[in-house]
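What follows is calculated from the coordinates using simple rules that are stated; it is not laboratory data. In this text the structure is predicted, and so the values were computed from the model without any measurement. For neighbour counting, all protein chains shown are included, and Cβ atoms are generated from backbone atoms with ideal geometry for every residue, glycine included.
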Amino acid sequence: MRRFGRRSPAPPVPETEEPDDQPVGLFQLYPDPELSGSSGVETNVDIIAIHGLGGHPYKTWTDGQKLWLRDFLPKDLNRARILTFGYNAGLAFTSSKSTIRDYSIQLLESLRQLRRRTANDDVKTIFVCHSLGGIVFKEALIVAHERTMTYGSVAASVKGVVFLGTPHRGSNMAYWSGLLTKFANIAVLGRLRQDLLDNLQPKSSELDTISAQFVERGMTLQIFSLYERLTMPVINSLVVDEFSAVLHLPNETAVPLEANHQTICKFLTSSNPSYIRVRDCIDEIVETLVKLAGKSCTS
């Protein structure tokens, strides 16, 4: 039976340098590709994090100097390869015509090339998505099912997803328009992209279409939807409430977190209750993969 990532002591994870300018593509956090001997570390499941609108592949997941995907998670799941996906979410502030589908294709192509280079189609994939990153993931899965000749193996590898404050049904536009630059953690460049921001409105046709098309594609996945219970101080309100953050699918587990929209995805210590909850969701998906692997070996 193949062994999947489980808790056991892992070697220390060194500090990694963040790419300059705007990080775009997949960046491996563990095993550290710059560390001598990392190529000999055996992994058999990929965990891929996707940041949200205005986010960053490193900063979104970092509290203080602690990037939990690099500093905590490998110690709990040291047989998992952990990566973070960067895409130009700052395009929401420019005159570019990029759309959610463009971002999703960037993700798919990065994954396809990763699988081609490693020549291992057996690796299963789990996603962790914050905010709009969850919508990018859903659209990517839709595109992968549409383009099976190119991305079929990528679609087949995806076994689970943890959504962190993803606005599946949109959220109050006033929240986003007033706080976008705070969430983005980048400077405003050019005029606000109204067409992309409209996707966060409850009645947005594109978001509704993505959510509807995802249902069938997502029925075989193990889904955890974690939603914020603490308000943002500036607006004294939730950004993505429970109604917006839960898909209400039979294969979905909805879990509240005592965090706001910013802190739902970053943790200063491994004893943080929110980190433990997120880690346990990922671990439960891995546990399911272990059981399925065992059944396939005995059938």
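Let a ≥ b ≥ c be the square roots of the eigenvalues of the Cα gyration tensor of region 42-173; is it rounded (a/c under 1.5), or, if not, prolate (a/b larger than b/c) or oblate? Oblate. Amide hydrogen proximity for Leu29: with H placed 1.01 Å from N in the peptide plane, the residues at 5 or more positions away or on another chain lying under 5 Å are Ile82, Leu83, Thr84. Under 5 Å between amide hydrogens, built in the peptide plane, is the criterion, and for Asn260 it picks out Leu230 among residues at least 5 positions away or on other chains. Take 136-144, 60-68 and order them by the average number of nearby Cβ atoms within 10 Å per residue, most first; the result is 136-144, 60-68. Checked against a 19 Å cut-off, the cross-linked pairs Lys59/Lys266; Lys66/Lys266; Lys138/Lys266; Lys124/Lys266; Lys159/Lys291 give Cα-Cα distances beyond that limit for Lys138/Lys266; Lys124/Lys266.
Centre-to-centre separation between the Cα atoms of region 263-284 and those of region 210-239: 16 Å.
Val255 sits among other residues whose Cβ lies under 12 Å from its own Cβ, and their net charge, with Lys and Arg +1 and Asp and Glu -1, is -4.
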